[in-house]
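The values are calculated or read from the model by the stated rules, or taken from the named source; none is laboratory data. Note that the structure is predicted; figures quoted are calculated from it, not measured. Cβ sites come from the backbone with ideal geometry, for glycine too, and all protein chains shown count toward neighbours. Surface areas here come from the heavy atoms of the whole protein model, side chains and all, with no ligands, DNA or RNA. Shrake-Rupley method; radii C 1.70, N 1.55, O 1.52, S 1.80 Å.
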Amino acid sequence: MHLNELNLPTTAHGRVNHGPTLVIHGGVGTILRTSFPREEQEQYLEALRTSLRDGFRILESGGTAIDAVEAAVRYMEDSPFFNAGKGAVYTIGGNIELEASIMDGSNHRASACTLLHHIRNPITLARTMLTTKPPVPHVFLGGAQAEAFARDKELEFVEQGYFYTEKRWKQHIEGLEYPPSNSESKGTVYGKSVPRDHDPNPMGTVGAVAVDREGNIATATSTGGRNNKWDGRIGDTPLIGSGTWAENATCGVSGTGNGEFFIRYAVCHDVASRMRYLGESVQEAAATVVEGLRKVEGEGGVVAVDRYGEVAMPFNSPGMYRGYIRADMEPQVFIFGDD
Ligand code: ASP
């Protein structure tokens, strides 16, 4: 059915306006139907649905895009399934090192934090930096200073043990035999040959992009980074323009994938630039950028939404946990490329 048959409100230019919309991802990677038990798939899908409902409840009641993306990401940070917060992967030194960023497309304000060891919800730290008064004079805080700010704001601290999950610890131990490749080569290629259906150093990140009733767009992204990353390595997730972007005039974008490529190709900003300068739709722009990544052997995907609630969710891996929701609709959630 053509969308106009639904009698959705249109803009002055005759475009369909879907109204408040939320799109999320729970990370990209070697996620294969054949090695993924059905019950586990359902657990992931249910977690995605809950994140979408948590965020959309806010949009539905007239709340802001910033509130919605923080809520959606917080839920995924508290879930053991995704590589962020509770479910984060380990560094090569056996530590948990988290990072996150948030951007408000209505005013080009952004905040980011990295090298966090004890913050339960890094996205709430980023959000607090964004909206605290008097304003934090810096966009990006790392390590001890970021945690000191969080303590001052009475955010929740946890011991490193809180982040332990058996699955992530096993991945850490197993992955030690396969040092990550450098950023010039494909993320899933390692010094040793590995089975094609199994990535010993898996990735993952969580992200949310929303447009609210006022047409304001916001994006939030949070991650544990890459399994067995060097301690001190900073990825794309907290880098504004690489792993996160939002501006009302074009779109909001959240990325997941091999962060070194997202940094080198300024992936999320590139999606918005194509819309701004080439007049591409959000779907065209996002698909072209993700295809460009594939050509240079960078693995990843993005979720994006424009001010009319048009959604894009392209990726070049076997799977990406993802979904979206709008008014009068059940959450739409997917895992594999052929879903
Ligand atoms: N982009 C993240 C990083 O490189 C990982 C991911 O999204 O899968 O830290």
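Figures for the structure shown
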{"read-out": "Candidates Gly215, Gly257, Gly225, ranked by Gaussian network fluctuation over the chain, Cα under 10 Å, top entry", "value": "Gly215"}
{"read-out": "Three semi-axes of the equivalent ellipsoid, region 284-339, Cα gyration tensor, whole Å, largest first", "value": "22, 14, 6"}
{"read-out": "Point-to-point label distance, Arg151-Asn17, nm (Cα→Cβ direction, 7 Å offset)", "value": "4.8 nm"}
{"read-out": "Positive-end residue, the chain charge dipole about Cα centroid, Cβ charges, pick of Gly19, Gly224, Val139", "value": "Val139"}
{"read-out": "Percent antiparallel among DSSP beta bridges (both partners in the chain, rounded to 5)", "value": "90 percent"}
{"read-out": "Spatial extent of the chain: Rg and Dmax, with the Cα atoms as the point set, Å", "value": "18.6, 58"}
{"read-out": "Computed helical MRE - 222 nm, the chain, DSSP H runs ≥ 4 contributing -39500 (n - 2.57), nearest 500", "value": "-9000 deg cm²/dmol"}
{"read-out": "Pairwise label distance in nanometres, Glu46 with Glu214, each label 7 Å out on the Cα-Cβ vector", "value": "3.7 nm"}
{"read-out": "Average projected area [Cα convex hull, region 1-146], square nanometres", "value": "12.7 nm²"}
{"read-out": "Rule-of-thumb Rg ratio for region 41-124 [Cα; 2.2 N^0.38 Å; N residues]", "value": "1.18"}
{"read-out": "Stokes-Einstein D (µm²/s) once Rh is taken as the Kirkwood radius of region 106-152 over alpha-carbon pairs, at 4 °C in 1.567 mPa s", "value": "121 µm²/s"}
{"read-out": "Portion, in percent, of the accessible area of the chain that falls on carbon or sulfur, probe 1.4 Å", "value": "51 percent"}
{"read-out": "Most mobile of Ala148, Ala72, Ala126 in a GNM of the chain (Cα contacts under 10 Å)", "value": "Ala148"}
{"read-out": "Cα-only Debye scattering, region 226-339: base-10 log of I(q)/I(0) at q = 0.10, 0.15, 0.17 Å⁻¹", "value": "-0.28, -0.63, -0.80"}
{"read-out": "Rg/Rh for region 240-283, where both radii come from Cα atoms and Rh is the Kirkwood radius", "value": "0.97"}
{"read-out": "Exceeding the 21 Å Cα-Cα cut-off - candidates Lys86/Lys167; Lys170/Lys295; Lys86/Lys229; Lys170/Lys229", "value": "Lys170/Lys295"}
{"read-out": "Accessible-area ranking of Trp230, Trp245, largest first, probe 1.4 Å", "value": "Trp230, Trp245"}
{"read-out": "Mean Cβ neighbour count within 10 Å, used as a protection proxy, ranking 89-101, 107-119, 149-161 highest first", "value": "89-101, 107-119, 149-161"}
{"read-out": "Share, in percent, of DSSP beta bridges within region 40-141 that are antiparallel, nearest 5", "value": "75 percent"}
